[in-house]
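The structure appears below as structure tokens.
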Amino acid sequence: MSLPEILLRLVLAFGIVVTFVALNALFLVWLERKVSAVIQNRMGPMEVGPIGLLQTMADALKLLGKEMITPTSVDRIAFLLAPIIAFLPAPLLVAAIPIAEGVGASDLNVGAIYLFAIANIAFLGILMAGWSSNNKYSLLGAMRAVAQNVSYEIPMLLAVLTVILMAGSLKLSDVVAAQSPVPFIVFQPIAFVIYLICGVAESNRTPFDLPEAESELVAGYHTEFTGMRFALFFLAEYTQVFVLSAIITLFFLGGWNGPFLPGWLWFFLKTYVMIFIVMWLRWTYPRLRSDQLMNFNWRVLLPLAILNLLISTVLYRGGL
Amino acid sequence: MPLEPESDAPVSEQPSRYLELIERLKKAGASEAAAVDYDKHGMDVDVVVTPQALHDVARLLKSEHFALEAGLGVDRQPELEVLYLFKPYGAGPRVKLRVRTDRDSATLPTLSNVFGGTDWYEREINDMFGITFTDHPHPRPLILPHYTNFHPLRKDFHGAPIVVPDDTVEIPEVDVQEAMKRGQAEGRRDDFFLNLGPQHPSTHGVLRILLHVEGETVLGGRCHLGYSHRGTEKLAEKKQYVQFLPYTDRMDYLSPLNYNWGYAKLLERAAGVESTPRAEAIRLIMAELGRVASHLVWLGTYLLDLGAITPFLYCFEDREQILTFFERVSGQRMMTSYIVFGGVRNDVYPEFVKEISEFVKFERKRLLEYETLVIENEIFLMRTQGVGKISKEQALEFGVGGPVLRGSGIAYDARKDEPYCDLYNELDWKVESDARGDCFARSHVRMNEIVQSLNLIEQALSKLEEGPVRAKVPRIFKVAEGEYYSVTEGPRGVIGWYLVADGSSNPYRLKVRVPSYANLQVVEQLIPGTRVADVISILGSLDVVIPEIDR
């Protein structure tokens, strides 16, 4: 590939990825509002566009036009950087996710490691947001977020490790290829459940929405953010939900494998079903308390994940 | 004003167990103790004590398992009087303890070292009457701003401009300062103060709790009240008896009918008027509907506090139906002013019985859903079981009421124990209680109470006989000189009305004993050692309504 070709490819990929991230987040916000409305016996947004489809577009435009307030007592540099750093992983993650055989911005040979490494940058943004806001609620929210994410990362990676063990590769397309007849969820149901729980916890959603627990911490780490800065946190959160569901699809549900329909359609179908399940959880459950959350992780999930990994290792590498 | 305790019947004709108590009270140091006619005055025993003997008499009452129901001040001109109302939650006499001080020195010993619950009452009396309570643990204003330089409930106060000084730095909390010093001495460096409110999603009104926290652990906290103080008790003194009714709606925006009823009952007791049988049945149905509506709001908001958003919308959907009934009956969804002196304001509409019985059936089905989907949810159990335990002793000391009291294993309900409506005796229902004392017990009691209320409504509908809905009452009437007390059971506990009448058409002093006042006060005892999230859970389980506390 010549240099202009690489550059063109880079610009194209970047454009597509960022557009996808933005549009997907808008759609997910709309979907969330509709799902919650159905669960709560309501209509949800109905006014702007057919069945309210353009409502989130209008909201986004409104947010763009809003004043971005910087409170006087904040740590300015960290405060301005925080939303950007929190948003940064979103396009980077989407870029590394293949949606069908050979379709994707880039299919890295260390895809799995890359995904989990990049995803953690977001928590730096959250920590910066909470710390720099100079607000006690924000700080508590940020502390909760970091504690929660660092702890849940461990069983999450252990769960993924079992899948990688079976696939024998870190490359995402190889992982999908390894599930060609039967998806890994059949062999690894426990890992799937552990991953789902940890994934919901990582994306800070109910029942693990402690960092932004509205009834306790007002809005947690993004209390002081307004306008587009707030919207960036929002975009990041919904992209995280998408990435979570996409990873589940790739690692457990067989990715784009499926009969009759084209691969990319299977991928999106599976991903959005997972997104719906995550939303369903949010509108059904109350929230856990911070110490209960930690106890659940260290006393239940972690031993379970380790046990699961051990048994898997013995079974698959033991030649069974 | 009568300075002597009223004694309507000679002591020899009074029930012997009160006589025994009176003897013991006198032995403990009461200067005067006499029995009072309950039916007429709503009190059983009237005790006068000197400031010196106050503690001994109070200790005697505490050892007899009396609960503190309220504390209030009365300007007797020229002396100032403080009354403490006691009731053993069970069978037993209502006792009022009266202690006087002269206007100039206005100093009394605090009772908060015997009954912790007098803390807030004494601070409010200090605001309103300027009586200083010596050795009070938290001597700072409760309701009024700290720079207020007048005492509004004294009779010689006729309005004054509030002068806000340039320097309005708040009086710091004594124990907050102490806590900081203690923390420094212990080398603690991670503790800080967190203002929960006055603008906060989960304080259910404008309440501010100053929390002393270390990380997520709460070391202690103090409530700051008065943000929605409207001076209702002072307004009552400026209004004629009947004119005051609409103010009773506005004390508690979740159960206006129960407040209407309490006030109507007080006037009926004072004037010796009885309402009609049909009115009584309508009152009961409406008040129980009000209780169901209030408990539904509690269920929705409590789960909202715990992070579940969906139940809130379901509960409000149900409540909306009840409010529609209120609107059709009284013309108002919330500020009904429907239960009036002598009966109810107007008759119900023709389809009332049919619609209500349909609603009862509908609500029973919904409750089953709430019970299985919400109350039995694992996360809900984790967040409520063992959190915010109120012991029996604490419940009595602070005089908590309603589901909070019954959630601590004391099955006292004014509807059963001091029935203010004959139907409560006739109908088949029971008082729900739960001995566990935690947030879950309170939730459990409330859920069961909705069922009991539905039972009551269903039965009362069949008792709805034809007849007038209001007894003949004078348009403007005067209450004979004397003191009257009446209690009704609101959704949050006992609503008590203490009236000092001077024979004119205006109340001389009207004190409302609001249940949330005592229920919230206990929060300061419950939160040390818990998590920030638990504070929200405890606060939600107490189901407080802040405007009711501030009045």
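If only residues of the range A:101-128 that are over 14 Å from residue A:89 (Cβ atoms) and open to solvent by less than 10 Å² (accessible area, probe 1.4 Å) are counted, the one that is nearest to the other protein chains (Cβ to nearest Cβ) is A:112.
Consider the range B:534-550 and keep the residues that are away from chain A (no Cβ under 14 Å) and among the aliphatic types (A, V, I, L, M). The one that is nearest to the chain's Cα centre (by Cα) is B:549. Among the numbered conditions (1) in a loop (DSSP other than H, G, I, E, B); (2) closer than 29 Å to residue A:38 by Cα, the only one that residue A:273 does not meet is (1). In the range B:372-403, which residues are more than 10 Å from every other protein chain (Cβ to nearest Cβ), in contact (Cβ under 8 Å) with a residue 24 or more places away in the chain and not in a helix (DSSP H, G or I)? Answer for the range B:372-403, where residues must be more than 10 Å from every other protein chain (Cβ to nearest Cβ), in contact (Cβ under 8 Å) with a residue 24 or more places away in the chain and not in a helix (DSSP H, G or I): B:385, B:386, B:388, B:389, B:390, B:391, B:399, B:400, B:401. In the set (1) open to solvent by 30 Å² or more (accessible area, probe 1.4 Å); (2) at pLDDT 70 or above; (3) touching a Phe, Trp or Tyr at 6+ places or on another chain (Cβ under 9 Å); (4) more than 22 Å from residue A:211 (Cα to Cα), residue B:222 fails one condition alone, (3). Just one of the listed residues (B:264, B:287) is closer than 27 Å to residue B:416 by Cα, assigned to a helix (DSSP H, G or I) and either in contact with a Lys or Arg (Cβ under 9 Å, 6 or more places away or on another chain) or at pLDDT below 85 (or both), and it is B:264.
Which residues, taken from the range B:24-81, are of a type in the set (Asp, Glu) and in contact with a helix residue (DSSP H, G or I) (Cβ under 6 Å, 6 or more places away or on another chain)? Listed by number, the residues that qualify are B:44, B:56. Consider the range B:348-403 and keep the residues that are surrounded by fewer than 21 Cβ atoms within 10 Å (Cβ to Cβ) and among the basic types (Lys, Arg). The one that is nearest to residue A:292 (Cα to Cα) is B:389.
Beta carbons closer than 6 Å, at least 6 apart along the sequence or on distinct chains, pair a first residue in the range B:345-369 that is under 21 Å from residue B:280 (Cα atoms) with a second that is outside any helix (DSSP H, G or I) and open to solvent by less than 20 Å² (accessible area, probe 1.4 Å) for B:345/B:338.
Within the group A:288, A:250, which residue is closer than 27 Å to residue B:312 by Cα and among the aliphatic types (A, V, I, L, M)? Can you show your working first?
Details: A:250 fails: closer than 27 Å to residue B:312 by Cα.
Just one listed residue meets the conditions, A:288.
Determine which member of the set B:30, B:53 is of a type outside the set (D, E, K, R), at pLDDT below 80, crowded, with 16+ Cβ neighbours inside 10 Å and within 21 Å of residue B:134 (Cα to Cα). Quick ask: steps written out before the conclusion?
Working: B:53 fails: at pLDDT below 80.
On inspection, the qualifying residue turns out to be B:30.
Please enumerate the residues belonging to the range B:515-533 that are within 14 Å of chain A (Cβ to nearest Cβ) and open to solvent by 10 Å² or more (accessible area, probe 1.4 Å). Don't jump to the end; show me each part of the working.
Initial filter on the range B:515-533 (within 14 Å of chain A (Cβ to nearest Cβ)): B:527, B:529-533.
Answer for the range B:515-533, where residues must be within 14 Å of chain A (Cβ to nearest Cβ) and open to solvent by 10 Å² or more (accessible area, probe 1.4 Å): B:529, B:530, B:531.
Yes/no matrix, rows are residues, columns are (1) open to solvent by less than 10 Å² (accessible area, probe 1.4 Å); (2) more than 15 Å from the chain's Cα centre (by Cα); (3) under 30 Å from residue B:530 (Cα atoms); (4) within 14 Å of chain B (Cβ to nearest Cβ):
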{"site": "A:187", "(1), (2), (3), (4)": "no, yes, no, no"}
{"site": "A:193", "(1), (2), (3), (4)": "no, yes, no, no"}
{"site": "A:202", "(1), (2), (3), (4)": "no, no, yes, no"}
{"site": "A:235", "(1), (2), (3), (4)": "no, no, no, no"}
{"site": "A:242", "(1), (2), (3), (4)": "yes, no, no, no"}
{"site": "A:248", "(1), (2), (3), (4)": "yes, no, no, no"}
{"site": "A:256", "(1), (2), (3), (4)": "no, yes, no, no"}
{"site": "A:259", "(1), (2), (3), (4)": "no, yes, no, no"}
{"site": "A:267", "(1), (2), (3), (4)": "yes, yes, no, no"}
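The values are calculated or read from the model by the stated rules, or taken from the named source; none is laboratory data. Values in this document were obtained by computation on a predicted structure and should not be read as measured data. Don't worry about glycine lacking a Cβ; one is built from the backbone with ideal geometry, like all the others, and counts go over all protein chains shown. The accessibility values were calculated without ligands, DNA or RNA, using every heavy atom of the protein model including side chains. Shrake-Rupley method; radii C 1.70, N 1.55, O 1.52, S 1.80 Å.
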